[in-house]
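A.B. asks: Just passing along the structure, written as structure tokens.
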Amino acid sequence: MTAPQATPDSLDDLAGEYVLGTLSAQARREVQARLTHDAALRSAVTRWEERLLPLTNLSSPVEPSASLWPRITRTLDGKRSQHQPSAPRRSPGLWDSLRFWRSLAAGGMAAVLILGSTLALRPATVPGTPQYVVVLVAPQSQAPGWVVQAQAGQNTVQLVPLAATEVPPDRALEFWTKADGWAGPVSLGLVKPGEPVRIPLDKLPPLEPNQLFELTLEPKTGSPIGKPTGPIQFIGRAVKML
């Protein structure tokens, strides 16, 4: 009996997990072996890499302070001595590696943005049709909170939460967008914290690169003047992905 052929959707899902590094070690080895002879899988992996690569430009590497790494090393050494007082010394592993922690800190934000965005991102159904992805981050902490996804030719955007967002009982989150050249932001309506939603864009021009999206804290019934009045909770700009 021959093994069932993978559908296009399952093939793209597998390629996406492979590119993101979320597969188990065994599954990753199987994909790597399969890449040598499966042209369709190779193409799917390439498409995912091309889609996700632009997101690495959404954050800049941050050089940690000189005192951070010695403190991390002391903490790791202390934990090892507490939990394994009589165990023989071993060679440092990945999680004890200073180089690993430096790399993780430098690229941490980019990795978070990439992983977060894939909660909403799916490969385009029509080859060559551009997609737009927006990672909405908190202005102060730069922590990603929501992802916006849209596909050219469709009149909706999908807003997906990445983390819990607390809103006072008498306030609400209002969703806004503004493209370059517009006189001001346009409300896309109120959204419930922690709930994904699809929002129609029937009355707006087509999306464009660098278009601004933001969530502000407004009165419970929304802004009374049709413009943002409260503090920005999350903000980001659209990235075009082929």
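The values are calculated or read from the model by the stated rules, or taken from the named source; none is laboratory data. All values reported here derive from a predicted model rather than from experimental measurement. Reconstructed Cβ throughout: ideal geometry from the backbone, glycine too, with neighbour counts over all protein chains shown.
A.B. asks: Tell me which of these residue 239 doesn't satisfy, since it passes every other one: (1) under 29 Å from residue 48 (Cα atoms); (2) out of contact with any helix residue (DSSP H, G or I) (no Cβ under 8 Å at 6 or more places or on another chain).
C.D. replies: Checking residue 239 against (1) under 29 Å from residue 48 (Cα atoms); (2) out of contact with any helix residue (DSSP H, G or I) (no Cβ under 8 Å at 6 or more places or on another chain), the one that fails is (2).
A.B. asks: If you don't mind, there's one more thing I want to ask. Can you tell me which of 191, 197, 167 is without any contact (Cβ under 8 Å) to a residue 60 or more places away in the chain, touching a Phe, Trp or Tyr at 6+ places or on another chain (Cβ under 6 Å), over 18 Å from residue 237 (Cα atoms) and assigned by TED's automatic domain parsing to the domain that holds residue 217? Talk me through it step by step, then tell me what you get.
C.D. replies: Values: 197 fails: touching a Phe, Trp or Tyr at 6+ places or on another chain (Cβ under 6 Å); 167 fails: touching a Phe, Trp or Tyr at 6+ places or on another chain (Cβ under 6 Å).
The match here is 191.
A.B. asks: Related question: Within region 175-188, track down each residue that is surrounded by 13 or more Cβ atoms within 10 Å (Cβ to Cβ), in contact (Cβ under 8 Å) with a residue 24 or more places away in the chain and of a type outside the set (D, E, K, R).
C.D. replies: Selection gives 175, 176, 177, 179, 185, 187, 188.
A.B. asks: Further, regarding this structure: Looking at region 191-209, can you tell me whether even one residue there is in contact with a Ser or Thr (Cβ under 8 Å, 6 or more places away or on another chain) and within 21 Å of residue 170 (Cβ to Cβ)? Give the steps one after another, and end with the answer.
C.D. replies: Taking region 191-209 as the starting set, the residues that turn out to be in contact with a Ser or Thr (Cβ under 8 Å, 6 or more places away or on another chain) are 193-194, 198-201, 204.
Within this subset, residues satisfying the condition of being within 21 Å of residue 170 (Cβ to Cβ) are 193-194.
Yes, that holds for at least one residue.
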